[in-house]
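The values are calculated or read from the model by the stated rules, or taken from the named source; none is laboratory data. Keep in mind that this is a model prediction, so the values were computed, not measured. Every residue, glycine as well, gets a Cβ built from its backbone with ideal geometry; the counts of neighbours run over all protein chains shown. Surface accessibility is based on the protein's heavy atoms, side chains included, excluding ligands, DNA and RNA. Shrake-Rupley method; radii C 1.70, N 1.55, O 1.52, S 1.80 Å.
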Amino acid sequence: MTKTTIRQAVITDCPRMLELIKELAVFEKAPNEVTVSLSEFEDAGFGSNPVWGAFVAEIDHEVVGISLYYTRYSTWKGRRLYLEDLIVTESMRGFGIGKLLFDKTLAYGKQCGFHGMVWQVLDWNEPAIKFYKKYKADFDPEWINVSITY
């Protein structure tokens, strides 16, 4: 396999990033839940008031994985990085690309002075749970996810 490059995402990566997000939605058994348009996605990451950042994993000039994050504020802990998605396209899983992306995101959070990183994982996604356990991540069984859609 050719060398994997991890770099900051640029706006021209957005169409491929959105493809990977849709691939993840299929994996998570929610293919119809991705409703964001490409133009909104681009604006939210690269417009006048960006709300997310991302790293991409690239092999032979093709984006094969992403780590999308944003700032979260905890009244108890201060600024923390929130990892919204860590995605590696299915055909490239098992080659250490997720680890490269995760490590880059962790290093970015430390470099920026964040007080930690938080994320979610589905309780049935055993490969992801095993991956995060290798980092000695804390799993919190007490909190329930809550949301409202407008």
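Numbers for the structure displayed
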| quantity | calculated |
| --- | --- |
| Mean shadow area of segment 85-150 over all directions, Cα convex hull, nm² | 6.3 |
| Sparse-neighbour loop sites [trypsin sites (Lys or Arg not before Pro); segment 92-148; at most 16 other C-beta within 10 Å; DSSP] | ARG93, LYS134, LYS136 |
| Check: segment 8-106 dipole with +1 on Lys, Arg Cβ and -1 on Asp, Glu Cβ, in debye | 620 |
| Isotropic mean projected area of the C-alpha convex hull, segment 49-128 (nm²) | 6.6 |
| Computed over the chain, Kirkwood Rh from alpha-carbon pairs, angstrom | 16.4 |
| Candidates per trypsin sites (Lys or Arg not before Pro) in segment 46-85, loop by DSSP, up to 16 other Cβ within 10 Å | LYS77 |
| Chymotrypsin sites (Phe, Trp or Tyr not before Pro) within segment 71-110, DSSP loop, no more than 16 other Cβ atoms inside 10 Å | TRP76, PHE95 |
| Dipole moment magnitude, nearest 20 debye, segment 86-127 about Cα centre, only Lys, Arg, Asp, Glu C-beta charged | 240 |
| Distance in nm between pseudo-label sites at ILE11 and GLU90 (7 Å out along the Cβ direction from Cα) | 3.3 |
| Bridge type composition, the chain - antiparallel percent by DSSP, nearest 5 | 90 |
| Percent accessible area from carbon and sulfur atoms, the chain, protein chains only, probe 1.4 Å | 53 |
| Neighbour count of at most 15 Cβ within 10 Å plus DSSP loop: longest GluC sites (Glu not before Pro)-free window in the chain | 34-141 |
| Flagged links, alpha-carbon separation over 21 Å, of LYS99/LYS130; LYS29/LYS134; LYS110/LYS134 | LYS29/LYS134 |
| MET92, MET17, ranked by accessible area, largest first (probe 1.4 Å) | MET92, MET17 |
| Residue (of THR89, VAL118, ASN32) at the positive-pole extreme of segment 27-129, dipole from beta-carbon charges | VAL118 |
| Sum of -39500 (n - 2.57) over DSSP H runs of 4+, divided by residues of the chain (222 nm, nearest 500) | -9500 deg cm²/dmol |
| Segment 1-74 - Rg and Dmax from Cα coordinates, angstrom | 13.0, 41 |
